[in-house]
Structures are given as structure tokens and as C-alpha cells.
1. Within the group LYS40, LYS64, LYS120, which residue is loosely packed, with under 15 Cβ neighbours inside 10 Å and not aliphatic (A, V, I, L, M)?
2. Looking at the structure I just gave you, is GLU67 in contact (Cβ under 8 Å) with a residue 12 or more places away in the chain, closer than 16 Å to ALA22 by Cβ and acidic (Asp, Glu)?
3. Scan (1) of a type in the set (Asp, Glu); (2) modelled with pLDDT under 95; (3) touching a Leu at 6+ places or on another chain (Cβ under 8 Å) for the single condition ASP35 breaks and write down its number.
4. Looking only at the range 3-14, decide whether some residue is loosely packed, with under 15 Cβ neighbours inside 10 Å and on the phi > 0 side of the Ramachandran plot.
Amino acid sequence: MNTESVIVARTFNVPVQKVWKALTDVTQIKKWYFDIKEFKAEVGFEFQFEAIGKDGKTFVHLCKITEVAFCKKLSYTWRYEGYEGNSLVTFELFTGGNETRVKLTHSGLEIFPNTTDFAKQNFVEGWTFIMEKGLTGFLEKEYKS
């Protein structure tokens, strides 16, 4: 059983407050992440969204905020409706002037069913796409120098 977390880190030429807003403002989240109806960066807040897997199957993601440290850290549980397992997604922000490094860690993947739908490689590909295309593309477009 593989217990290694998926970790994807990127550095953005954007101040930390703007990156934090992209991670926590529902209007901005919809532009780079998923179509989340409501989001509040408050411990205990629950949100959900749907995403389509590689084979066209729709998965309902159920999440609950577990930790919020303004402009530093956002964590939430991540599970799937109708499936066993509850993992943890954490965004950590590190600031240096007008640059912000974001480290995303998704841990606990080994508790999901041992099927191709939940293969670690799918999470690696998904989070890499979200960080590289989604968040990077959004921040570059939104905050051009």
C-alpha cells in the first residue's frame, strides 16, 4: 500500500493576499478550480462539487474545512459520495515580497478503494493540471504585471 502524499508546489509572481483570495473567494475559485456553489474559509464549513473522471464517470466530492491560517494555510477533508475513505488537502503559502510559493499536499489517498478511479497517478495528474493550468493561468490572467 502506497502511503505517500501527492505534493505539487509552484511559485507565483503575485503577492500572498492575491493568491489567498484565489484560494478562498468563491467567485475566483470558480474561475480556476471547480464550480463550487458556496465557500467560506471557516473551520467546519462544508462544501461539495462534481468532477468527471477519465472514463466519464461523475464523482461528487464532499469536503470540510479543517484548518485556516489567513494567508498561510488552508486545509480540508476530501472524500467521495458513495465511497469509503476521507483524505486531506492542504494549501500552504510562503511569501517573499511579491512572490508567493504554494505547496499543495493531498494525503491519505491510500484509504480510497484500490481501483483505477482512485489510482495515485490520477491525483498526481489532476493536481498538477489544477496548479499549472488552473491556478497559474488564473493568476497570470487576473494579475498581469
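1. On the way: LYS64 fails: loosely packed, with under 15 Cβ neighbours inside 10 Å; LYS120 fails: loosely packed, with under 15 Cβ neighbours inside 10 Å.
Selected residue: LYS40, the only one of LYS40, LYS64, LYS120 that is loosely packed, with under 15 Cβ neighbours inside 10 Å and not aliphatic (A, V, I, L, M).
2. On the way: in contact (Cβ under 8 Å) with a residue 12 or more places away in the chain: yes; closer than 16 Å to ALA22 by Cβ: no; acidic (Asp, Glu): yes.
Criteria not met by GLU67.
3. (3)
4. Our first condition is that a residue be loosely packed, with under 15 Cβ neighbours inside 10 Å; within the range 3-14, this holds for 3-4, 7, 9, 11, 13.
Adding the requirement that they be on the phi > 0 side of the Ramachandran plot leaves none.
Scanning the range 3-14, I find no residue that is loosely packed, with under 15 Cβ neighbours inside 10 Å and on the phi > 0 side of the Ramachandran plot, so the answer is no.
The values are calculated or read from the model by the stated rules, or taken from the named source; none is laboratory data. As the structure is a computational prediction, the values presented were derived from the model and not from experiment. Heads up, the Cβs are rebuilt from the backbone with ideal geometry, glycines too, and the neighbour counts pull from every protein chain shown.
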